[in-house]
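Just below is one structure, and these are the notes that go with it.
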Amino acid sequence: MNRSPKKDTSSWRAITESKLFFPLLALTLILLVDLFFVPGFFKLETKEGHLYGNLIDILRNGSTVMLLAIGMTLVIATGGVDLSVGAVMAIAASVAAIMMNPVIIGVKLPPDLLKFINDPNFTYAPLWEVIVVTLFVATICGLWNGFLVAYAKIQPMVATLILMIAGRGIAQLITNGVRIQIFYEPYAFIGSGWLILPFSLYIVAAVYLIAWFLTRKTAIGLFIESVGINARSSFFSGIDEKKIKLLAYTFCGFCAGVAGLVTSSNIRTSDANNIGLNYELDAILAVVIGGTLMSGGRFSLLASLIGALVIQATTTSMYALGVPANAVLAIKGLVVIFVILLYSEQVRGIIRRLTAHKGSLS
Amino acid sequence: MMSRIGAFIARNRRFVPMSVTAILSVVAYILGAIFYPGMRDPQVFLNLFRTTPFLLISAVGMNLVILTGGIDLSVSGVVALTTVAAAALLRQGWNAWVVMGLMLLMGMALGAIMGAFITYLKVQPFIATLAGMWFARGLCFFISDDAIAIDNPIYCLLGQTKILIPGLSDPKTQTGPFISILVIVALLVLGVATYLAHYTRFGRAIYAIGGNEQSARLMGLPVERTKVAVYTLNGFCSALAGIVLSIYVSSGHGLYARGFELTVIAAVVMGGTMLTGGEGYVFGALFGVLITGVTQTLIQFNGRLSSWWTNIVVGMLTLIFIGVQSLLAAQKGRRAAKAGDAALQAQRRRRLVLYGGVAGLVIIAGVVISLIAGQTRNGGVGNTPTPSTAACQFRPFRDQEAAKLATEGAVLVYERNGGPDCIDELFAIYPDGRVVGDNGVRTIEKQLAPEEVETLLGNIAERGWFTDEIYNTWHTPCGQCFEYHITVKYQGQEKSVTAVDGGTDAPADYWQVVSLINGVIPKFMDVP
Amino acid sequence: MEDSGYIVEMRGIRKEFPGVQALADINFFLKRGEIHALVGENGAGKSTLIKVLTGAERPDAGVIILDGEEVTVKSPLHAQKLGISTVYQEINLCPNLTVAENILIGREPMRRGRIHWKAMNDHAQQLLERLDISIDVTQLLGSYSVAIQQMVAIARALEITSAKVLILDEPTSSLDVHETAQLFNVMRKLKSEGVAIIFITHFLDQVYEISDRITVLRNGQWMGTYETSELPRLELIAKMIGRSLTELDEMSKIKLESRKNIKGEVLLEARNLGLSGAIEPFDLDLHAGEVVGFAGLLGSGRTEISHLLFGVAKPDSGTLKLNQEIVKKFSPQASIGRGVALCPEDRKAAGIVDELTIRENIILALQAGRGWFKYLSLQQQYEMADRYIKLLNIATPSADQPVKNLSGGNQQKVILARWLATNPQLLILDEPTRGIDVGAKAEIQKLVLSLAEEGKSCVFISSELEEVLRTSHRIAVLRDRKKVTEFAGEVDEHTIIQAMAGGEA
């Protein structure tokens, strides 16, 4: 009985062909560079029960992209892309901020409450309500995208571009263009709190578990991959492509909502113009580094998370190496090209020819 | 009658999207002129062109790329890089024409490299140009972290020469409606591109590739060469747009043109070009730009809507256009082979008119509503709240203090707020030549000659400070951007105007004024 | 050099692909100014031969002589320069350009450095008039019907060089009767101008209507070239499916198997079911425990019927009843829920999901029927996969091999396994044994019969007549998108082939 794959291929092959290999390799390389060129990079210390260090920084600063990458993985696996995640983050942040402090949109507070407006314990709406409504709104955004792509059959890039442009305007609309400061402490805990490790990491873990459960413990993951690889064969096999795509985009919206909560609580502001700016690109890059093809198909959530870490580690390492802040962007551009080429068929073909294997690849 | 209109439209279906935009811009402008008397001034109409030459140039180049079925997200990066690089070279004293030529070559080189990646290494255009954008913008900061002012006579000449409209203006007194040289350049680019697209084999190959790349190859067209050429051409246009922008704002900064690529794509889409490639007219870019300009003008004249409403309106318009485009495309797909039936044709024609009509109505309704229902929102002028950024806490504006300074005799009050270190600098210039600056921590002073102050004020007035040309704009500043509040008193007039840098909505001459002022005030050395 | 009268001579052409002999010593001669039909079933080698002639493939051996001179055709563009033009089934033009542009793009007339549109439009108009077509050449190509688009493609093909040879690959597949007649007029006109035409088609009626000579290919072998007027239909079909006339005569009547459960309840009832452009309205009854075979040439409507029965296509006439209930929802998902399964003909595009493993491919349809949340446990999946790997003898080291690594035949087995796993009450098999070795073929035939014994129904579609005969209780014959007749009880190949051929024997 063929219970599990025979280990007739060497373990080396099994490792290199795993989806996690390349991202982990990239991460290791970057950390190695840090090991040699940045003394004290790996130092970890505890202060007031919190763990500190560059490694923790990488994890913490990378949580936003990690969250986005989880949702984006599913969308890209169906053969699409979601450019609006940054704008959805902004919308989510605006909704949350407005709910905690609606004075800006003209809600009249009784004068005795008004003086507490900047108090760390004050919030107009209870925290659970803020979170639920925000995530609901973000999910609706994802639903909107999913509808455009799956049912109206608009090209994913075009469909999500609409929300990308209009979404920021909507976020501005919600807060009247004002950058609302957030004082409410419990909310701020989401993004900047600590539970030994940064709290946002636990959120990432939770969302990852939800996604993992949805895709690997149900048939959804299999169907997503099938639709991404060959939509017509999937159709003949009875898979409803429309519903699968709708789900993928909706979940992506949800993840963007969570990311918006984390970010806005981290900087304690809802900044409709700048929150999430260019984050969609990071998310897409993370997914691509994680080995998911932009044409769709097989995906690995864990590999995408590692991809997000690779991006964050690159940024953090560059700062540690003393590269000027704004030059980081240029380096990032080069890294993207390098990675994309590495994964592209043409270049892989060239590499394969140059390093001809002994023994067939089956 | 209806059937004849229907038949006419059906025969010229391909012109419908572009025409809709053109008609809409005209209608919206007419509506605006009805509601706002100020818009009836022909100069306002000409300003539609004066304030958007770089958008038009970029839209033309992008239109060609999109026609091949590709996309170029790098435009904002290349534009920014061009402004910074040019400013830096000019500061070193290079000749303006040499600098401009060099910038164009640089733009073409970047475009060619990306085109090669896309064509030969089969990288998706989206990703390749995205990386290009990051790379180009990143390069800006290798050159300079700050804005670099441009103080070059040729640049000034190019930016400020007024070209009077014959027939409408008075050549003797040199007054009347005018446009700038930059507008001529933009229109020239539009003309050349239109010629390329419709009268050269290169242009027709572009359309063929966008229609069906595989077929184009089988038909023997030079697909690879054309694709690389198109991206190179767009690189040229981006660089040219950057040159025009730097002339317009007399400076260069790596933060300029953020989000520009989206505006350009929106303009192209509204000009009737489909993002899937192969369909649309280069000339449509003009109308896409016009409608963006009309929207901005309407908002400006409304005076009560913040300029970020432009984004929403543009976004919604793009949405509607893309939606209608996709619907039409899906229609086409569905009818597949059997297109010979006359009844079917008629039905399709009717449906087309219906869609076009509905879309048009929705858009007009939207524009009218946003015109009329512009409530007084706090997001308008003068009530900017105190935000905080991740890096530092913004300091509040010192409105009261500024007003006090003005009443106490200052002829010019200048406040600069924001930036990466959240500074707040308040300057006052007095008629006796005294300049006092206060950044909340310390004060500095400088003594100018009274004539210098007089000249400064005169120059500012000449820029149109006290006319409708200079008006308030505001958008949420980027993390590195500054907000400016300037009050000027001159010859009995007093006017305060606010703006934020990092965007492209403020009136051009505002930035000229800022550089004039920056030229004379002392600097706080400890603030980088 | 003596004029042999042939514009194209292909001698001893051989072409091998890994594992497959596509062309074995083919000789093909094309006379000047003749319309020459090239026919053959799947895998006959027609497209490979054309690819060799047009330079898309290089032959491993053999010689091509064009107009008396030996040539090596390096590429399709080179072929065009030599005077060999091809119009493919998928019209390789740009629908977003005007008709005139499509004809002349790349060679537009220029005046003073710019495209001279008027000259181009006039020239295009002339070219089309040569084909007796007069349309507005300034309209977009996409606004015209496929038939017109094809004419434009032909006009372009002829314009490039004064084409000596025009190859038309399945030109009439999307045309109706009227448009086909128009095309034939054009072909006759060209013939009178001395253009030699190679006409590839599977519509036998058309072959007899328009062609002067016919070449038959089968399994990469040349089966003969004949004068159309001298080749009876029966013999043509016999050649195409590999029987000699004498063999047919000598074949004894084969009794179709009579089974015990054949008078089961009516499972499926189709009345006047049809889809315009695909299959004419037909009636069909299926009983539980019965195998109905469909015999017909390629393009006769077999696959279209399977699509209608499985819900891939929606009919525009007639009704379909399953278990006495009228079918309202036509979709694969709904069909699986009703217990109908289709093992499709196009393995690559509609069958395998190549990156997924064997296990995943096998359980795919079953899982789709269960929905998102009733996920089969890994244990169950492996059990199922192992069961079918053994049953169908799928050659693989493990169930976790991606399906793309398997040979074509084994891939076919995986697809078959997928549908068997859904435990359907009606299993439609469209060319289920294509690419499978002889031993396995027999296995599958036995499998089908045993399914029938269990009370299930099968529709068995195949171009191998013998197979259909061996496995079916009844046989329906299709010809040119129409169901022509049914046979039950005693019938022999000869009769069936006659029904497939139609016309005079």
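For the reader, a short list of remarks on this structure follows.
- Helices (runs of 4 or more DSSP H) completely within the range C:67-134 that count 1 or more residues being of a type in the set (S, T, N, Q) and free of Cβ contacts under 8 Å to residues at least 24 places away in the same chain: C:117-130
- Comparison of C:171, C:95 shows that the only residue that is at the interface with chain B (Cβ under 8 Å from one of its Cβ atoms) and not hydrophobic (A, V, I, L, M, F, W, C) is C:95.
- Those residues of the range B:445-469 which are touching a Phe, Trp or Tyr at 6+ places or on another chain (Cβ under 6 Å) and in contact (Cβ under 8 Å) with a residue 40 or more places away in the chain, in sequence order: B:457
- Those residues of the range C:371-380 which are of a type in the set (Gly, Ala, Ser) and more than 9 Å from every other protein chain (Cβ to nearest Cβ), in sequence order: C:377
Conditions tested, residue by residue: (1) small (Gly, Ala, Ser); (2) free of Cβ contacts under 8 Å to residues at least 60 places away in the same chain; (3) within 7 Å of chain A (Cβ to nearest Cβ).
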site	(1), (2), (3)
C:360	no, yes, yes
C:369	yes, yes, yes
C:390	no, yes, no
C:394	no, yes, no
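- Single match in C:124, C:153, C:147 (criterion: more than 12 Å from chain B (Cβ to nearest Cβ) and among the small types (Gly, Ala, Ser)): C:124
- Residue list for the range C:397-425, filter: over 24 Å from the mean Cα position of the chain (by Cα), surrounded by 15 or more Cβ atoms within 10 Å (Cβ to Cβ) and farther than 22 Å from residue A:225 by Cα: C:420, C:424, C:425
- Count - residues of the range B:225-249 that are farther than 27 Å from residue A:277 by Cα, away from chain C (no Cβ under 14 Å) and not basic (Lys, Arg): 6
- Scope the range C:288-330; condition of a type in the set (Gly, Ala, Ser), without any contact (Cβ under 8 Å) to a residue 60 or more places away in the chain and on the phi > 0 side of the Ramachandran plot; matching residues: C:311, C:318
- Taking helices (runs of 4 or more DSSP H) as the structural unit, those lying wholly within the range A:140-240 and holding at least 1 residues that are away from chain B (no Cβ under 13 Å) correspond to A:185-192, A:199-216, A:220-229, A:231-236.
Okay, residues lined up against (1) surrounded by fewer than 24 Cβ atoms within 10 Å (Cβ to Cβ); (2) within 30 Å of residue C:421 (Cα to Cα):
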| position | (1), (2) |
| --- | --- |
| A:233 | no, yes |
| A:237 | no, yes |
| A:240 | yes, yes |
| A:263 | no, no |
| A:282 | no, no |
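- Residue C:314 being charged (D, E, K, R) and within 14 Å of another protein chain (Cβ to nearest Cβ): yes
- Subset of the range C:98-117 (residues that are more than 7 Å from chain B (Cβ to nearest Cβ), touching a strand residue (DSSP E or B) at 6+ places or on another chain (Cβ under 9 Å) and more than 13 Å from residue C:152 (Cα to Cα)): C:109, C:116
Residue-wise test of (1) among the hydrophobic types (A, V, I, L, M, F, W, C); (2) farther than 19 Å from residue B:499 by Cβ; (3) assigned to a strand (DSSP E or B).
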residue: B:404; (1), (2), (3): no, yes, no
residue: B:410; (1), (2), (3): yes, yes, no
residue: B:414; (1), (2), (3): no, no, yes
residue: B:417; (1), (2), (3): no, no, yes
residue: B:421; (1), (2), (3): no, yes, no
residue: B:426; (1), (2), (3): yes, no, yes
residue: B:432; (1), (2), (3): no, yes, no
residue: B:440; (1), (2), (3): no, yes, no
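- Qualifying residue in the range C:32-43 (condition: within 14 Å of chain B (Cβ to nearest Cβ) and either touching a residue at least 12 places away in the same chain (Cβ under 8 Å) or of a type outside the set (D, E, K, R) (or both)): no
Let's see how each residue does on (1) in a helix (DSSP H, G or I); (2) of a type in the set (D, E, K, R):
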| site | (1), (2) |
| --- | --- |
| C:319 | no, no |
| C:329 | no, yes |
| C:333 | yes, no |
| C:337 | yes, no |
| C:352 | no, no |
| C:361 | yes, no |
| C:367 | yes, no |
| C:375 | no, no |
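- Hey, residue C:64 out of contact with any Ser or Thr (no Cβ under 6 Å at 6 or more places or on another chain), part of a strand (DSSP E or B) and closer than 20 Å to residue C:160 by Cβ or not: yes
- Each residue in the range C:426-450 was checked for being farther than 13 Å from residue C:467 by Cβ and either under 23 Å from the mean Cα position of the chain (by Cα) or surrounded by fewer than 19 Cβ atoms within 10 Å (Cβ to Cβ) (or both), and 6 pass.
- Residue in the range C:157-172 that is hydroxyl-bearing (Ser, Thr, Tyr), in contact (Cβ under 8 Å) with a residue 60 or more places away in the chain and under 23 Å from residue C:211 (Cα atoms) present: yes
- When the range C:339-350 is filtered for residues that are in contact with a strand residue (DSSP E or B) (Cβ under 8 Å, 6 or more places away or on another chain), outside any loop (DSSP other than H, G, I, E, B) and either more than 10 Å from chain A (Cβ to nearest Cβ) or over 18 Å from residue C:371 (Cα atoms) (or both), the ones remaining, listed by number, are C:340, C:342, C:343.
- Among the residues of the range A:298-336, the one identified as outside any helix (DSSP H, G or I) and crowded, with 23+ Cβ neighbours inside 10 Å is A:299.
- Pairs are defined by a Cβ separation below 9 Å, a sequence spacing of at least 6 or placement on different chains, a first member in the range A:320-342 that is touching a residue at least 60 places away in the same chain (Cβ under 8 Å), and a second member that is surrounded by 14 or more Cβ atoms within 10 Å (Cβ to Cβ) and in a loop (DSSP other than H, G, I, E, B); the pairs so defined are A:320/A:38; A:320/A:41; A:321/A:38.
- Residue B:401 surrounded by fewer than 17 Cβ atoms within 10 Å (Cβ to Cβ) and in contact with a strand residue (DSSP E or B) (Cβ under 7 Å, 6 or more places away or on another chain): yes
- Residue C:168 touching a Phe, Trp or Tyr at 6+ places or on another chain (Cβ under 6 Å), at pLDDT 85 or above and surrounded by 19 or more Cβ atoms within 10 Å (Cβ to Cβ): yes
- When every residue of the range A:270-292 is checked against the conditions, none turns out to be more than 20 Å from the chain's Cα centre (by Cα) and within 14 Å of chain B (Cβ to nearest Cβ).
- Qualifying residue in the range B:81-91 (condition: part of a helix (DSSP H, G or I) and in contact with a Cys (Cβ under 7 Å, 6 or more places away or on another chain)): yes
- Complete set of residues in the range B:439-465 that are in contact with a Gly (Cβ under 9 Å, 6 or more places away or on another chain) and either polar (S, T, N, Q) or surrounded by 12 or more Cβ atoms within 10 Å (Cβ to Cβ) (or both): B:443, B:444, B:446, B:447, B:448, B:450, B:452, B:453, B:456
The values are calculated or read from the model by the stated rules, or taken from the named source; none is laboratory data. Predicted, not measured: the structure shown is a model, and the values here were computed from it. Don't worry about glycine lacking a Cβ; one is built from the backbone with ideal geometry, like all the others, and counts go over all protein chains shown.
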